[in-house]
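The next block holds one structure in the form of structure tokens; read it before the comments.
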Amino acid sequence: MSDPRLLGLYAVTDGRLTGEPLLEAVRAALAGGTRIVQYRDKSAEPQRRRHEATRLASLCRDYQALFLINDDVALAQEIDADGVHLGQTDATLSDARRQLGRHKLIGVSCNNRLERALAAQQQGADYVAFGRFFPSSTKPDAPQAELALLEQARQQLDLPIAAIGGITPDNAPRLREAGADMLAVVNALFGQDDIETAARHLSRCFD
């Protein structure tokens, strides 16, 4: 049975934001209606990452939002995050499940490959993510995914589905209609002057 919390606006943090600016940006995104936050920081600064992740986890609890860590299963376990998101080259799903236990959430990036999503479902993933669907400044070289993929995935998967890549308030409703349960965004939130208002606009298609 899928987790009912895996629905809504899904903020992926911008690795260029650190410290207090990061906390304030995420607070604004949460105030605007973000339901899931993924902390994505690929830097080799474990002490800072642990400190930021701990504070972000507490902030998300205040807003009753989910907090996930990108890739770093050990950090997710250490700070008691709600789960992890695994990319194509990150830890394997089975290893992550063994470390985190069955009550934590594990999401898997599937790019534009339905067969990877079907395999992830069979291996016990809690949700899958497809994209990029539109031109993306965050991952411009990511494989192109088509709206038809979401429609196929919705028919064949029992898991919640996240869409990512170039999402804006204008194109977000098309992804929702095609079957996306979550809309994962970076620049559409953290690249905006008014993050809270941007989050409100993006959240409207979940009303």
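The table that follows gives values for the structure above.
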{"quantity": "Selection from segment 10-29 of residues that are touching a residue at least 60 places away in the same chain (Cβ under 8 Å) and either farther than 11 Å from LEU56 by Cα or of a type in the set (Asp, Glu) (or both)", "calculated": "TYR10, ALA11, VAL12, ASP14, LEU17, ALA28, ALA29"}
{"quantity": "Residue within segment 146-156 that is under 25 Å from LEU17 (Cβ atoms) and either surrounded by 14 or more Cβ atoms within 10 Å (Cβ to Cβ) or among the basic types (Lys, Arg) (or both) present", "calculated": "no"}
{"quantity": "Residues that are of a type outside the set (D, E, K, R), in a loop (DSSP other than H, G, I, E, B) and touching a residue at least 12 places away in the same chain (Cβ under 8 Å), drawn from segment 176-197", "calculated": "GLY179, ALA180, VAL186, GLY191"}
{"quantity": "Residue satisfying condition, being in contact with a strand residue (DSSP E or B) (Cβ under 8 Å, 6 or more places away or on another chain) and either touching a residue at least 40 places away in the same chain (Cβ under 8 Å) or charged (D, E, K, R) (or both), within set ARG97, ARG55, ARG48", "calculated": "ARG97"}
{"quantity": "Residue ID - least open to solvent (accessible area, probe 1.4 Å), chosen from residues in segment 157-196 that are in contact with a helix residue (DSSP H, G or I) (Cβ under 9 Å, 6 or more places away or on another chain) and of a type in the set (S, T, N, Q)", "calculated": "THR168"}
{"quantity": "Matching strands (runs of 3 or more DSSP E) fully within segment 1-113 where at least 1 residues are touching a Phe, Trp or Tyr at 6+ places or on another chain (Cβ under 8 Å) and open to solvent by less than 10 Å² (accessible area, probe 1.4 Å)", "calculated": "8-12, 36-39, 66-70, 105-109"}
{"quantity": "Lone qualifier among ALA178, ALA153, ALA184 - being touching a Gly at 6+ places or on another chain (Cβ under 7 Å) and not charged (D, E, K, R)", "calculated": "ALA153"}
{"quantity": "ALA129 at pLDDT below 95 and surrounded by 15 or more Cβ atoms within 10 Å (Cβ to Cβ)", "calculated": "no"}
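The values are calculated or read from the model by the stated rules, or taken from the named source; none is laboratory data. On a predicted model such as this, the values are computed, not experimentally measured, just so you know. In this analysis, Cβ positions are derived from the backbone assuming ideal geometry, glycine residues included, and neighbour counts consider all displayed protein chains. The protein model used for the area step is the full one, side chains on, heavy atoms only, and it has no ligands, DNA or RNA in it. Shrake-Rupley method; radii C 1.70, N 1.55, O 1.52, S 1.80 Å.
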